[in-house]
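The values are calculated or read from the model by the stated rules, or taken from the named source; none is laboratory data. These figures come from a predicted structure and were not determined experimentally. Quick reminder, even Gly has a Cβ in these numbers, built from the backbone with ideal geometry, and neighbours come from all protein chains shown. Calculation scope for accessible area: heavy atoms of the full protein, side chains included, ligands and nucleic acids excluded. Shrake-Rupley method; radii C 1.70, N 1.55, O 1.52, S 1.80 Å.
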2 protein chains.
Amino acid sequence: MLLSFQDFAKDRYGVSAMVQSQQKLDRVLVRVQDLTPEKADQLIWLRARVHTSRAKGKQCFLVLRQQQFNVQALVAVGDRASKQMVKFAANITKESIIDVEALVRKVEQKIESCSQQDVELHIERIFVISQAEPRLPLQLEDAVRPDGEGEEEGRATVNQDTKLDNRVIDLRTTTSQAIFRLQSGVCQLFRDTLAKKGFVEIQTPKIISAASEGGANVFTVSYFKTSAYLAQSPQLYKQMCICADFDKVFCVGPVFRAEDSNTHRHLTEFVGLDIELAFNYHYHEVIDSITDTMVQIFKGLRDNFQTEIQTVNKQFPSEPFKFLEPTLRLEYTEAVAMLREAGVEMGDEDDLSTPNEKLLGRLVKEKYDTDFYVLDKYPLAVRPFYTMPDPNNPKYSNSYDMFMRGEEILSGAQRIHDAQLLTERAIHHQIDLEKIKAYIDSFRYGAPPHGGGGIGLERVCMLYLGLHNVRQTSMFPRDPKRLTP
Amino acid sequence: MLLSFQDFAKDRYGVSAMVQSQQKLDRVLVRVQDLTPEKADQLIWLRARVHTSRAKGKQCFLVLRQQQFNVQALVAVGDRASKQMVKFAANITKESIIDVEALVRKVEQKIESCSQQDVELHIERIFVISQAEPRLPLQLEDAVRPDGEGEEEGRATVNQDTKLDNRVIDLRTTTSQAIFRLQSGVCQLFRDTLAKKGFVEIQTPKIISAASEGGANVFTVSYFKTSAYLAQSPQLYKQMCICADFDKVFCVGPVFRAEDSNTHRHLTEFVGLDIELAFNYHYHEVIDSITDTMVQIFKGLRDNFQTEIQTVNKQFPSEPFKFLEPTLRLEYTEAVAMLREAGVEMGDEDDLSTPNEKLLGRLVKEKYDTDFYVLDKYPLAVRPFYTMPDPNNPKYSNSYDMFMRGEEILSGAQRIHDAQLLTERAIHHQIDLEKIKAYIDSFRYGAPPHGGGGIGLERVCMLYLGLHNVRQTSMFPRDPKRLTP
């Protein structure tokens, strides 16, 4: 009691009452990224997290963090801070959120460890807004450490499951912040490009009455007194919109695959960036529209997200993503020839295995110096029933995949827009016509030739950044073994 | 045989082979909306639907349609068209898609019934690209007829179930085209406004392991060997992103409610426009951010979608949507007082019934001349457990709804960001703590004060346009009785 009574600074620190909107404070809170020498000698208020803290005699050094920005701060015993106040500051747990009033001071020597290198903060008041528990399930500095770095010193890295189990903390790292800001950018670039091209955004239902593509790998939902399914793709609905004269449509939304695949690139729920458009005479009009959209995304990322790309590269080094204009388009037969030349044995109409796709990516990169290309004219036998056959060779089809760094990111085709041919192809594939009646009927009242494709958002982000697991680019990934958080 | 041999125009018409991408034609197809007097006397190619056709002696008049635009066209026996060709044209079924080569001609008298009033097309070649079946399940002109109009003449309107059962055709009407172009605009305005404010777009999972808000009204999914649920809102994940330092986030995506409500405003699946943001000292910062976003949407619609609004109004007349700047904010107690003055009997802490919400909307419109307002400070008892109590009066809460034309479009609140208080409130609501452990734990490692809300896209479109059923603004609506198309 006596001690605290003697504390001249006792109103300058403490744990604030929970912010419950008691009052409208007229206080301006400065952003960490705006703490530059222009603010020198100003007294400012700031809200930030305690990133690290280190007490040292009569001083306590803190690094205060806001997202990817941080700044050094200091509380020192003097006429603004008592010994008790320095001790209080030193005891604030890491990741707590605090409000500080501080004088901005220019520093002589750059602070290399912080994003704000030219100033530090001299704290005059310090209040805890939200206290973190003392034991964190993971340390942020461990979570961003490149694999292998600091192993000799016994420094830890954090394994992926621990990161995902504690995603709320893992998402605070500079790497995660950069990944998901870039992902937000991909969506925006995708939509802005298409809006400029005259596309209309549509919203398609995710609960559907019949499994769209045959019935395998589909999740079942109980729907009142009956059962329903989760859509494996919005394709049927995109096509209905084309038949309904929307001409060019896109949608961004979840797609669901009940596939028991535990690989680096499969999720049971992911975000589809879907495109569908009517064309005039040749489905290459569709390919051109999609590849141009991808190129606009790549350019937008390159031009506007360099900081994010470099931040991710610090932890996960990779080569810059390369693309050509116009986009390289190879035919399936050419790809098979390249693979055979490299020693692969495969038939003309065999599908590409994942290792062969990867190998093909490397061969294409060597030969054409691009990380993005289109593989056109797949064998008809390996594509879904609604794929338009090649008019010149019945073994092939008007269909294509697109690849980034040797992995598939889009599958698409000219679709059959003729009810009769569609029926024939469904019968050939032994699909129950009754189940796809509504789909086939959509083409009975005049349907323009059209095509499209679906892009996996998480894969695009993973491959653009040269990452190796799609769970890194899904905020809250879902796979056969993970449903939380 | 003889007759057709004698047809000098036989290469100028017919049914084209199915467009299978046989060739890359160098032909430019003009858009209907670009058919203006500047194109007079030009020979152009056009692809369009046959909207109507009428043979009259040696002529056949067609109206050709592209989306909301249409133009009159004519095939007449002469040196470019034979009798057989006119007959062929007259027999093309409505809604078929055709390619025509035609001379653009300026007309003396405006063609009032078409969007292109100053020109007509003199067809020189006509080919069917996709043939519609002769019997349409509904007539487009019936589907856009205002209720009651032409009843004396025995003209039909189309009931809603027939429209929805045949959505591919119903979506071709001018009304549907306008509604869903405007809906696309709402999404774009929402995102553009928030992007400018520094919000990050997030993607939240729809398959979740535990029912987020207690467990009622949730759809169950079979998930490999276990069960999961469909998210009733992205709220938990939005909040986790705030705890993960994203500061301001939004998402656009499906939300699922297993509610057996067969009303004009309930869907089992709808599109949520969701916002969540950290604030400094008072949750009115959140309200201001959301209301400003809504105002930007209203302004954008007013300024850029007048054609669409007027098109919808032709079939469904309504008053222009009114809003104030800044947005009107009323407190719950004021609303109760207004309702009581109007004769309603209700307790201070009773929830608003739907009829009372409607009535309140009318009272507010009379008094303040606005169709949009915020109702603030709901009784704590009628809100979910995670709602922050009012610091000054424990019977109330820091929560709000927003209304358009007297119907709720958004529900939101300051959320409890303190794990201890959250636990207390969950216990008070008799919620199983084990089930919401991950949620509560999100707040243990430093959480900023924050709030947000979720907006129903279909409701916003319905109410902005003054429509009376949310199925009109959902492309493929889902309700307890409808799962198709």
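What the table shows:
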quantity	calculated
Which numbered condition A:E276 misses (of (1) away from chain B (no Cβ under 14 Å); (2) touching a strand residue (DSSP E or B) at 6+ places or on another chain (Cβ under 7 Å))	(1)
Which listed residue is in contact with a Cys (Cβ under 7 Å, 6 or more places away or on another chain), within 28 Å of A:P449 (Cα to Cα) and among the hydrophobic types (A, V, I, L, M, F, W, C), from B:A73, B:A9, B:A89, B:A48	B:A89
Selection count where residues are of a type in the set (S, T, N, Q), exposed (fewer than 15 other Cβ atoms within 10 Å of the Cβ) and either in contact with a helix residue (DSSP H, G or I) (Cβ under 7 Å, 6 or more places away or on another chain) or under 19 Å from A:E407 (Cα atoms) (or both), scope region A:363-394	0
Test for B:A156: is it in contact with a helix residue (DSSP H, G or I) (Cβ under 6 Å, 6 or more places away or on another chain) and either in a strand (DSSP E or B) or of a type outside the set (K, R) (or both)	yes
Single residue of A:Q188, A:Q235 found to be open to solvent by less than 30 Å² (accessible area, probe 1.4 Å) and either among the polar types (S, T, N, Q) or not assigned by the TED database to the domain that holds A:Y439 (or both)	A:Q235
Strands (runs of 3 or more DSSP E) contained entirely in region A:1-109, each with at least 3 residues that are open to solvent by less than 80 Å² (accessible area, probe 1.4 Å) and at the interface with chain B (Cβ under 10 Å from one of its Cβ atoms)	A:43-56, A:97-106
Where a residue in region B:180-207 is over 15 Å from A:G253 (Cβ atoms) and its partner, wherever it lies, is open to solvent by 20 Å² or more (accessible area, probe 1.4 Å) and among the acidic types (D, E), with Cβ under 7 Å and at least six apart	B:R181/B:E308; B:L182/B:E308
Check on B:K358, in a helix (DSSP H, G or I) and more than 21 Å from B:R459 (Cβ to Cβ)	no
Failed criterion for A:N469 (all others in (1) on the phi < 0 side of the Ramachandran plot; (2) facing chain B (nearest Cβ under 10 Å) hold)	(2)
Single residue of B:V295, B:V286 found to be in contact with a His (Cβ under 8 Å, 6 or more places away or on another chain) and in the same structural domain as B:M402 (by the TED database)	B:V286
Breaking point among (1) more than 20 Å from the chain's Cα centre (by Cα); (2) farther than 16 Å from A:K238 by Cα; (3) without any contact (Cβ under 8 Å) to a residue 40 or more places away in the chain, for A:L483	(1)
Those residues of region A:200-219 which are crowded, with 22+ Cβ neighbours inside 10 Å, at pLDDT 95 or above and out of contact with any Cys (no Cβ under 7 Å at 6 or more places or on another chain), in sequence order	A:P205, A:K206, A:F219
Check on A:D26, closer than 23 Å to A:T311 by Cα and either modelled with pLDDT under 95 or out of contact with any strand residue (DSSP E or B) (no Cβ under 7 Å at 6 or more places or on another chain) (or both)	no
Unique match (being within 13 Å of another protein chain (Cβ to nearest Cβ) and among the hydroxyl-bearing types (S, T, Y)) among A:T311, A:T268, A:T263	A:T268
Among (1) within 11 Å of chain B (Cβ to nearest Cβ); (2) assigned to a helix (DSSP H, G or I); (3) open to solvent by less than 30 Å² (accessible area, probe 1.4 Å) - the single one A:R181 does not satisfy	(3)
Members of region B:444-456 found to be surrounded by fewer than 23 Cβ atoms within 10 Å (Cβ to Cβ) and facing chain A (nearest Cβ under 9 Å), listed by number	B:R444, B:P448
Matching residues in region A:419-465 - criterion: being under 27 Å from B:Y237 (Cβ atoms) and not β-branched (V, I, T)	A:G454, A:G456, A:L457, A:E458, A:R459, A:C461, A:M462, A:L463, A:Y464, A:L465
Subset of region A:395-440 [in a helix (DSSP H, G or I), within 14 Å of chain B (Cβ to nearest Cβ) and buried (at least 16 other Cβ atoms within 10 Å of the Cβ)]	A:A419, A:L421, A:L422, A:T423, A:R425, A:I436, A:A438, A:Y439, A:I440
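Rundown of residues vs (1) touching a Leu at 6+ places or on another chain (Cβ under 7 Å); (2) free of Cβ contacts under 8 Å to residues at least 60 places away in the same chain, yes/no style:
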| site | (1), (2) |
| --- | --- |
| A:G57 | no, yes |
| A:V63 | no, yes |
| A:Q68 | no, no |
| A:V71 | yes, yes |
| A:G78 | no, yes |
| A:K87 | no, yes |
| A:N91 | no, yes |
